[in-house]
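**Q** So that we are looking at the same thing, I have put the structure below in C-alpha cells.
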Amino acid sequence: MTIAGALAGGIVECPTHRFIREAIDGGLRLDLAPGAWLDRDVVIVVKPREPLPSLVIQARDTVAGAAPVVLMAALQPPPSTPRKSIAVKLLVDCSGSMGGDSIASARAALHGALAGLTEHDHVSISRFGSTVEHVLTLTACTPKTLRRLNAAIDAIDADLGGTEMEAALKAVFGLRVPRDCAGADVLMVTDGEIWQAEEMIAAARSSGHRVFAIGVGSSPAEDVLRSLAEATGGACEFATPGEALEAAAGRMLVRIRQQPWRDARVDWGCETLWQTALPASVFGGDTVIAFAGVPALAAASTVRLLAVGAQGAATEVARGEADAPCPGDTLPRMAAARRIATADEGQALELAVAYQLMSRHTNCILVHERAAADKVTEEAELHRVSSMLAAGWGATASLMMSPPMSLGSLAGLSTLCAGSAPADMDVCSLASEDPFEALSFASAPLEEQPRASLDAIVEAAFEHLSHGGSVRGLAARCEALALNADVRLALDQAAVLGLGAGEALLLLALWANSHRPGTADAAVTAALLPHLDTIDAAVMTECLQLFDRVLGPTARESWTRSRARRLRRALGRPSP
C-alpha cells in the first residue's frame, strides 16, 4: 500500500499485521513483513497531523464512454445538538464463534458503552447465541446499576452455542421502554456470523428501533452488519483485536445521542449521469463518501452536502472543491464496486466484468503457464481447497499473541506498527542485559523502536492511581507503552486467568517494583496495595507465579523468586 499526500506525514499504525515501511517520492510505501499472513482483514489506521477538510477528487474513466469522469466526494457534516437522555439496549453476541479475542473485544466495547452513560440515561443488557438471556431489563443508570453491569460484563463468555441473531433482536425489541423515555436504540456487539439476513433486516426495519452495530473479530461480516444498521437508521463500525474498543463504543454513543441529518443528498455542481446512494441517516462528525459519473472534467466546481435537520429545514452541512486529480483507474473501480452493492443482478454482473472486480457475480480464474519441459502428461486432477478460517476465530488462537504489539485497552494489548514512534523519542537496544533499561520488540529496525521499560509501567501505574485514577483506566493510561514478547505473553496469560487489563497491569507493576535492582520503592507499594481488594487471593498468587515463570528468565540475575515471595508476604498472601 502507498500512502501519499498529506496523509503520508501522519501516524501510521497497523493493528493486524507486521509491515515494513519505506519512504518513496511523495509518500510512504507499506509492505507486509516476512511471515505475515493474509489470514484476517488488513487494517491500516492513519492519523493525520491536523484535521483535514472535506474534499473532492476526480479521475478519468476509460471504461464508461457516456461518463468519462468519476468524482468522489468526502464530506463531513458537523455534529448536531446531543440529546440529554437516551435509552440504550445493549446486545452482545455470546455464540461459539465469538470465543477468544472476539468476546474479549466485546467486553471492552461494553465497558466503553457504560462509561459513556449518565444518570439521565436508561440501559439494558442482553446476550445471545442459540438462546437469549436478559442480564438486565431497561433500567435507570444509577451508580449502583452501572457497578452491577460492569461486574456482569466481566463474567460474559462465548458459551451460548449458535448465532440466532434474528430471535435475539426481536427479544430485545420487545423489552418494555419506560414512559419517560422517548424510544430506545439497540447497540449490538457481534462478529456477524449469520446466514439469511434478509428476514432479520426486514424485522429490524419494522421494529421502530435504530440498530447500531460494532463488528468485532478478525473478519466480521461487514455486509450483514452494515445493511442492518443502515436499514434502521443506525450506524456500523468495525474494530479488530488490538484496537481501542472503548473508543469505538464511545463514538457509537455520540451518534446515538444525536438527532441525525436526514434526507441527505449531494449537489455536484454539474450534470451527473449516475451517482451512488447515501445512507438514510447522516451523523455529524462522520465522513460521507459519495461517487458520481459526469460527462466532462469538473472545472473546480463546488460540491455540497445538503440535509434536513431536526427543525425540518434543508441546509448545507458540508462542501468541497472538485480540483484534485487522481491518476490511474483506482477511483473508477472503487466507484464501480460501490455501485455493485445497490445494482440489480444484470447491472452488477456487467459492472463487475467491465471493471474486472471480484464479486459474488464473477469467477476468478488463475492461469499458470508451464515451460515445455515442466508440462504434465497425465490428466489433471481436481483438488478441493478448504476455506481458511479467520485467525483467532472461535478461540482457535489469540491475535493478542502476534507481534508487534504495544500496551492497549483490550486485555492490555494493541498493536504498534513499525515507524510510528516520534522522532525525538528515546530508542533502546534489544541486547541490553537490564530489563529495566530496555524492553522492546524486533518487529522493525531498532532505530524506529520506542523505549518501553518495566520502570515505565511502574511509574505509569503509580502516577495514575496516586492521582485518583481507577484500576480499569490503567490500561488506557499505559496504552502507548511498547512491550517485548515476554511481557505481552505474561499479560495475555493473566487475562486467561480472568484478570482484567487494569488488574493485570496493577499486579505487573507490583511485581516489577518488588524486582527492582536494590530495594522496592515503598511509596509505589503503598499507592498500589489499596487497589488489590477486588482481586481474588488465589488468582493473585497464580498471576505472581506466572510473572515469575514468564518474566524471571529474561530478568537480570538479581531477579530471583525470593523477591516474589517477599512481595506475597508484603501483600499478606500465603506462599504457594
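**Q** Counting only residues 5 or more places away or on other chains, whose amide H sits under 5 Å from the amide H of Asp286 once H atoms are built in the peptide plane?
**A** none
**Q** Right, next: For Leu497, what residues show an amide H to amide H distance below 5 Å, using hydrogens built from the backbone and excluding near sequence neighbours?
**A** Amide H to amide H, under 5 Å and 5 or more residues apart or across chains, Leu497 pairs with nothing.
**Q** Keeping all protein chains in place, calculate the accessible area per residue for segment 98-194 (probe 1.4 angstrom), answer in Å².
**A** On the way: 3940 Å² over 97 residues.
Heavy-atom SASA per residue in segment 98-194 reads 41 Å².
**Q** Another one. Past 30 Å, Cα to Cα: identify those pairs from Lys144/Lys170; Lys84/Lys144; Lys47/Lys170, in the order given. It would help to have the intermediate numbers written out before the result.
**A** Working: Lys144/Lys170 28 Å; Lys84/Lys144 20 Å; Lys47/Lys170 39 Å.
Result: Lys47/Lys170 exceed 30 Å.
**Q** If packing is taken as the average number of other Cβ atoms within 10 Å across a peptide's residues, how do 366-372, 464-470 rank, most packed first? Kindly include the intermediate steps, with their values, before the conclusion.
**A** Working: 366-372: 5.3, 464-470: 14.6.
Order by mean packing, descending: 464-470, 366-372.
**Q** Okay, moving on. Can you give me the long-range amide H partners of Val43? Hydrogens built in the peptide plane at 1.01 Å from N, cutoff under 5 Å, separation of 5 or more residues or another chain.
**A** Thr16, His17
**Q** Something else about it: When all protein chains stay in place, what accessible area (Å², nearest 10, 1.4 Å probe) is found for Arg205?
**A** 140 Å²
**Q** Return the sequence-ordered ³J(HN,Hα) values of segment 164-172 in whole Hz as given by the Karplus equation 6.51 cos²θ - 1.76 cosθ + 1.60 applied to θ = phi - 60°, using x for Gly and Pro.
**A** Each residue's phi maps through the Karplus curve to give 8, 6, 4, 5, 5, 4, 4, 5, 6 Hz.
**Q** Could you give the length gained by full extension between Arg60 and Ala341, i.e. 0.36 nm per residue of separation minus their alpha carbon distance, to one decimal place?
**A** Values: separation 281, 0.36 × 281 = 101.16 nm, distance 2.18 nm.
The span from Arg60 to Ala341 would gain 99.0 nm if fully extended.
**Q** Name the shape class, rounded, prolate or oblate, that the alpha-carbon gyration tensor gives for segment 247-335, where a ≥ b ≥ c are the square roots of its eigenvalues, rounded holds for a/c under 1.5, and otherwise prolate holds if a/b is larger than b/c and oblate otherwise.
**A** On the way: a/c = 2.48, a/b = 1.63, b/c = 1.52.
The shape class here is prolate.
**Q** Please give the solvent-accessible surface of His134 in Å², to the nearest 10, using a probe radius of 1.4 Å with every protein chain present.
**A** Approximately 80 Å² for this residue.
**Q** Pop the C-beta distance of Ala152 and Ala4 into the FRET formula with R0 = 35 Å and round what comes out to the nearest 0.05. Intermediate results must be reported in sequence, preceding the final value.
**A** Details: r = 47 Å, r/R0 = 1.35.
Once the sixth-power term is evaluated, E becomes 0.15.
**Q** Same structure again: Around Ser95, what is the net charge, scoring Lys/Arg as +1 and Asp/Glu as -1 over all other residues with Cβ under 10 Å from its Cβ? Don't jump to the answer; show the numbers that get you there.
**A** Numbers: positive: Arg127; negative: Asp93, Asp159, Glu164, Asp191, Glu193.
With Lys, Arg at +1 and Asp, Glu at -1, the net is -4.
**Q** Between Cys326 and Ala372, how high is the FRET efficiency from 1/(1 + (r/R0)^6) when r is the Cβ-Cβ distance and R₀ = 45 Å? Nearest 0.05.
**A** It comes out at approximately 0.55.
**Q** Taking the Cα centre as origin and putting +1 on Lys and Arg beta-carbons and -1 on Asp and Glu beta-carbons, what dipole magnitude results for segment 292-369, to the nearest 20 debye?
**A** Details: 6 positive and 8 negative charges, 44 e Å.
Its charge dipole is roughly 220 debye.
**Q** Run the 1.4 Å probe and let me know the accessible area of Thr137, rounded to the nearest 10 Å².
**A** 80 Å²
**Q** Further question: Give, rounded to the nearest 20 debye, the magnitude of the charge dipole that segment 199-339 has about its Cα centre when Lys and Arg contribute +1 at Cβ and Asp and Glu contribute -1 at Cβ. Write out the running numbers ahead of the final one.
**A** Numbers: 13 positive and 15 negative charges, 64 e Å.
Dipole of segment 199-339, to the nearest 20 debye: 300 debye.
**Q** If you don't mind, there's one more thing I want to ask. Using θ = phi - 60° and the Karplus relation 6.51 cos²θ - 1.76 cosθ + 1.60, list the HN-Hα couplings for segment 522-531 in order, rounded to whole Hz, with x at every Gly or Pro.
**A** Per-residue couplings from phi come out as 5, 5, 5, 4, 5, 6, 8, 4, x, 8 Hz.
**Q** Sort Ile256, Ile24 by heavy-atom solvent-accessible area, probe 1.4 angstrom, most to least. Spell out each step's value before the answer.
**A** On the way: Ile256 0, Ile24 60 Å².
The ranking, largest first, comes out as Ile24, Ile256.
**Q** Based on alpha-carbon centroids, what's the gap between segment 321-355 and segment 174-214 in Å, whole number please?
**A** For segment 321-355 versus segment 174-214, the Cα centre distance is 31 Å.
The values are calculated or read from the model by the stated rules, or taken from the named source; none is laboratory data. Remember, it's a predicted structure, so these values are computed and weren't measured experimentally. A quick note on method: Cβ atoms are made from the backbone with ideal geometry, for glycine too, and the neighbour counts reach across all protein chains shown. We work out accessible area using only protein heavy atoms, side chains counted, and drop any ligands, DNA or RNA first. Shrake-Rupley method; radii C 1.70, N 1.55, O 1.52, S 1.80 Å.
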